[in-house]
Amino acid sequence: MTTRAMFSKRSHSSKAIELQVPPGIYLSGTTITGQVNINLRLVHEEDIDAAEVRLYGYANTCYDSRVLVRETTTLWTRGSSIYPLPGSDILSMPFSFTLPDKLPPSFQVQGLEYSATVRYSLTAVGLSRQGLLNVNKQHCVPLTVVPKDDFGTSLIQGWVAQGWQTFSKEERIRKGLWGEYSTVFVQLDLPNRILPLSSTLPYVITITTTSSPLTRTQAATHPPAFPLMPTSADALHFTLGRRLVICAPHNSTRSYKEIEAFLGPKATTAVTGKARPLVRGSIDNGKWVPHDGHSVSTDESDRRMGAWVQRVVFESTFTLDCSPSFALPGLIECAYEFVVTVPFPGLRNDVRLAVPVTVTSGIWTTGSQDVPPPGVATSEVLPLDIPPAYWDMNYPGRLNDDEKSGN
């Protein structure tokens, strides 16, 4: 019986073979170890001729698929001279695989008109004897794989030593169609544009409003009510958005989705089910500032024009658990951006600041040990937020590791 014929059979679960692999996040370029427990009494009852373990990784979209890694090791064959310990039917066979370098991360997205998956798994397979009624037996364990992040240490150390990166946007808005313009300046401060998973990273959002022109006397008598400064964290929106490109020969599919909210109505615990980090906010009382920047006497206040300037600052932290940014040229591209949106009354008056960022795994390798960023214990490395379909062995869109492995 050829290997191709054996691989083409359907596979059912079995108690004759059991795959054991330590749970956790695996890095590209590192070694995965585990063992397969083979019940020799049951493999004979189920007519299993051999036991194999397979490492398989693929990228799959609604248009195309690509094998990322595929390796097979035979652990036992019928007639083998390897036996279990006396008094036991269980033969425990260790195995190891080394993942290729620079693999894309585990990933799963399903939309109404598109889908994209990057999936890895280990499968213990019992190869049955030849015959139409015989089927292979298998035990499959999906794996979480992320790229190695050698930048993690330098990022944290560089942030402490060199300070923050600042991103900003300024827009002019007005209350009505013919009103005078006011100015809104939105600033987002981050440790870096490259952000590791699992690390608790700080951010600062500063909003500065400058009213339409008025004298100091006018400001003192009737401080302008427009633009109305947001006074609470939930009065604005701070989100992480994912830009996805699913490549096709003639018509690629593009999608954008907010996948995380840090401030705003969508960020409340009632919506997310997660406790939100403390948000510190401070708002000043505002002041009148002359247009030329020079101080003026009281006698000149009616002749000199200026503006009412007010500022609010929100500070907190965030932690990311999405799949890292990646690109498989010609197949899938996944990128992220932070978006700060400050709503103001009036048509098209919302001010939106978008900052493209790169999300990294936040884990690198020292020897054979996987190490998280400074200040993050190994046990605190967050699992990736991957949809349940990734782990569902009966998911209809799943590429069958046994039947479609290309053998």
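The values are calculated or read from the model by the stated rules, or taken from the named source; none is laboratory data. All of these numbers come straight from a predicted model, not from anything done at the bench. All Cβ positions, even for glycine, are placed from backbone atoms using ideal geometry, and neighbour counts span all protein chains on display.
Residues in segment 244-274 that are in contact with a helix residue (DSSP H, G or I) (Cβ under 7 Å, 6 or more places away or on another chain) and either crowded, with 17+ Cβ neighbours inside 10 Å or farther than 23 Å from L201 by Cα (or both): A261, L263, G264. Going residue by residue through segment 230-237, is there one that turns out to be touching a strand residue (DSSP E or B) at 6+ places or on another chain (Cβ under 9 Å), in a strand (DSSP E or B) and within 21 Å of D292 (Cβ to Cβ)? No, segment 230-237 has no match at all.
Can you list the strands (runs of 3 or more DSSP E) found entirely within segment 305-407 that contain at least 2 residues being modelled with pLDDT under 90 and not hydroxyl-bearing (S, T, Y)?
369-371
Within segment 23-64, the residues that satisfy the criterion of being in contact with a Phe, Trp or Tyr (Cβ under 6 Å, 6 or more places away or on another chain) and either over 30 Å from L331 (Cβ atoms) or not assigned by TED's automatic domain parsing to the domain that holds P100 (or both) are I38, A51. Looking across segment 17-51 at every residue that is part of a loop (DSSP other than H, G, I, E, B) and β-branched (V, I, T), the one that is nearest to S323 (Cα to Cα) is identified as T30. Looking across segment 275-284, the residues that are surrounded by 11 or more Cβ atoms within 10 Å (Cβ to Cβ), not β-branched (V, I, T) and not in a strand (DSSP E or B) come down to R276, P277, D284.
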